[in-house]
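Only one structure is covered here, and it is reproduced in the block below.
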Amino acid sequence: MKKLFFLAGLPRSGSILLGTLLNQNPSIYTTPTSSFVEILFRNYSIWNEENYAEDFAGTKIKNIKNPYLKKITHAYFEQLTNKPIVFDKRRHWNSIENIKIYKEIFKKEPKIICPVRNVEKIIASFKNVFLKNNQRWDSFVLEGNVFNVNFTQLQDTWNSKFKKCLLFIEYDDLVQAPQKTLNKIYDFIKEPYYTHNLNNIISNDPLKEVEKIYNLKGLHNLPKKIKKSKTNTGILTTEEYNNYSSKNFWKKTK
């Protein structure tokens with residue numbers, strides 16, 4: 001691995017499709033939803049935990065912190081791929097805290113690709129999957145990492161000095177002009193363009209395993225050819241629509 005980038009953004013916004021397309025490039029490896037940000041955070045944070053202060057006392061041990069964290073980063077991805085460019089996919093890369101950790105270790109700011117979509121369409125997509133699976137729908141299902149935490153983290157970063165780390169990719173742009181949108185990503189990461197096959201989309205993500213975890217069939221359907229999903233916001237109540245359609249923060253500042 002020579003270069004490491006990140007794929008984060010909002011759920012139900014095309015991140016699996018985008019990662020699958022990027023994986024067609026012979027120089028790029030895009031992970032399935034990855035545990036690495038959690039591994040890195042836990043290794044990073046223990047150095048400053050009060051309960052372990054004695055274990056990490058002394059200048060010598062403190063000075064090996066960042067070299068050690070760099071080495072475990074490379075060790076992790078070397079077990080997955082020998083490709084020179086890696087996109088690690090996990091929404092928690094949106095957070096300011098994780099951006100700061102990356103910057104401290106690697107002495108530069110990360111580049112994070114963030115698929116986004118109108119929030120009312122994201123929620124309608126979630127609601128549709130729940131109802132199709134005969135599961136009760138309530139806004140509480142959006143709590144935590146399902147949606148609310150990721151949304152708040154992304155909004156906070158957008159409004160911070162780290163906004164320049166983010167490249168927002170609109171879902172509609174990805175499905176309506178995929179090659180143009182992919183070229184925008186290549187410009188952002190300063191890599192040459194690659195012509196993608198838009199009619200043979202095959203994912204290596206363990207999609208069905210994830211669906212079993214949530215007991216939601218159809219949560220991660222991926223078509224073999226590029227096509228826009230038919231998300232009907234009419235499934236939302238008037239209150240839901242008015243609430244969520246007001247949350248498209250990245251559009252308000254254009």
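Rg to Rh for region 35-99: what is it, with Cα atoms only and Rh by Kirkwood?
1.02
Averaging sequence separations of C-alpha pairs under 8 Å and six or more residues apart, then dividing by the length of the chain, give the relative contact order as a whole percent.
28 percent
Among the lysines, select those whose C-alpha is under 17 Å from the C-alpha of LYS225, and discard any that sit fewer than 8 residues away in the same chain.
LYS180
Where the Cα atoms of region 80-189 are projected onto their three principal axes, how long is each span, largest first, in whole Å?
47, 32, 32
How are the alpha carbon pair distances in region 125-194 distributed across 10 Å bins from zero to the largest one, expressed in percent?
16, 29, 33, 19, 3
How far apart, in nanometres, would the label points at SER246 and SER160 be if each is projected 7 angstrom from Cα along the Cα-to-Cβ direction?
About 2.6 nm separates the two model spin labels.
Quick query: amide H of TYR29 versus all other amide H atoms, modeled in the peptide plane; which residues come in under 5 Å with a sequence gap of 5 or more or a different chain?
ILE85, VAL86, PHE87
For region 124-163 and region 49-78, compute the distance between their C-alpha centroids and round to whole Å.
Taking the Cα centre of region 49-78 as reference, the centre of region 124-163 is 34 Å away.
Please list, or write none, the lysines whose alpha carbon is within less than 17 Å of the alpha carbon of LYS132, excluding same-chain residues fewer than 8 places away.
LYS132 reaches LYS121, LYS208, LYS212, LYS217, LYS230.
Rounded to the nearest 20 Debye, what is the dipole magnitude of region 112-254 about its Cα centre when Lys and Arg each give +1 and Asp and Glu each give -1 at the C-beta?
Numbers: 23 positive and 14 negative charges, 77 e Å.
I would put it at about 380 debye.
For the chain, what are the DSSP H helices with axial Cα length of 18 Å or more and mean Kyte-Doolittle hydropathy of at least -0.5?
Working: long enough: 65-78 (20 Å, -0.99); 119-132 (20 Å, 0.65).
Helices meeting the span and hydropathy rule in the chain are 119-132.
Straight-line reach from LYS71: which lysines have Cα under 22 Å away, leaving out those fewer than 8 places along the same chain?
Filter leaves LYS2, LYS3, LYS60, LYS62, LYS83, LYS89, LYS100, LYS103, LYS107, LYS108, LYS111.
Which label belongs to the value computed from this structure, given these candidates for Cα extents along the principal axes in Å: (i) 59, 56, 26; (ii) 71, 32, 29; (iii) 61, 42, 39?
Label of the calculated value: (iii).
If you build the convex hull over the alpha carbons only and average its shadow over all orientations, what do you get for region 107-254? Give it in nm² to one decimal.
With the hull built on Cα positions only, its mean projection is 10.7 nm².
For a protection proxy built on the mean count of beta-carbon atoms within 10 angstrom, sort 157-167, 10-20, 92-102 highest first, please.
10-20, 92-102, 157-167
None of the figures in this text is laboratory data; all of them are computed from the coordinates on show. What you see is a predicted model, and the numbers here were worked out from it, not measured in a lab. Every residue, glycine among them, receives a Cβ derived from its backbone with ideal geometry; neighbour counts consider all protein chains shown.
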